[in-house]
1. Residues of region 19-76 being over 18 Å from the mean Cα position of the chain (by Cα), assigned to a helix (DSSP H, G or I) and among the acidic types (Asp, Glu), which ones?
2. Every residue in region 7-48 that is out of contact with any helix residue (DSSP H, G or I) (no Cβ under 8 Å at 6 or more places or on another chain), modelled with pLDDT of 85 or more and over 14 Å from Asp60 (Cβ atoms), please.
Amino acid sequence: MLPRRKKRSTPEDIKPLPPKIPGSIASMERAIVLLGNRVQNELNPKSRQELIELIDIYPDANTAATWKQALRQLIKDKQQSSSNSLQQIAQINPETSIIFSWLKEALSELYWEEKNAYDPELAKQMSVWYKKCPPQNSPKTYLVKKFLELHLAWSKTEDETEFDLADLNFNLEADPLIEHELTFIEPLLRLALEKVDFEFLGDYLVKELALEI
C-alpha cells in the first residue's frame with residue numbers, strides 16, 4: 001500500500017495574512033525576506049525560529065509565497081495611509097504637523113513588538129481618561145492633551161525606568177496644557193499647542209491604541 005501523500009495547500013486553504021502581523025514595517029520587511037527564502041528552501045533552525053517569532057507559525061512554501069505578497073501589500077497600504085495623513089496634516093497647520101511627528105515617535109517608544117500591541121497599562125490609562133473627560137471638553141481632544149502631558153512629564157524625569165503612570169495623579173477637571181504652574185511646558189511649545197488640531201490628533205491616537213470606547 002502506497003503511503004498517503006500529504007495534502008498540499010491550495011490558494012483556497014491559505015489565509016490571506018499570517019496569524020500574527022509584525023508590529024513595525026522593519027519587522028514586516030524582515031518577515032518578507034524570510035518568507036521569500038522559505039519559498040525556495042527549508043530555513044535553517046535559527047531563521048526558522050526567527051520567522052515563527054515574527055508571524056507565529058512556520059508555513060509551507062505555498063503559504064509563504066501568499067503571505068510574502070500579502071505583507072508587501074500591507075506595507076504599501078500603511079505607507080500610503082501615512083502619506084495621506086501627512087498630506088492632511090500639512091493642509092491644517094505647521095503646528096499640528098510638528099506635534100503629529102512627535103506623537104508618532106512617542107507612541108513607538110511604547111509599542112510592544114513581541115505582543116503586537118501598545119503597553120496595556122498605557123492603553124488602559126488612556127481609556128480611563130477618555131471616559132472621564134470633563135463634560136465641557138471633547139473626549140478626543142482631552143485624550144491627546146493627556147498623552148502629551150504624560151510624555152512631556154516623562155521627558156523631564158531623571159530616571160525614565162522609574163516613571164510610573166500612577167504617580168502622576170492628574171486633575172481631570174483641569175486643562176493641564178495651559179496651566180502656568182506646569183513648568184515643564186516651555187513657552188514656545190505652549191504657544192504652538194494653542195494652534196494644534198487636537199481633534200485630528202485624537203482620532204489618530206484612538207485608532208493607534210485600538211481603544212474600545
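The values are calculated or read from the model by the stated rules, or taken from the named source; none is laboratory data. Predicted model, so just to flag it, every value in this text is computed and none were measured. Using ideal geometry, Cβ is built from the backbone for each residue, glycine included, and neighbour counts are taken over all protein chains shown.
1. Glu50, Glu53
2. Result: Val33, Asn44, Pro45, Lys46.
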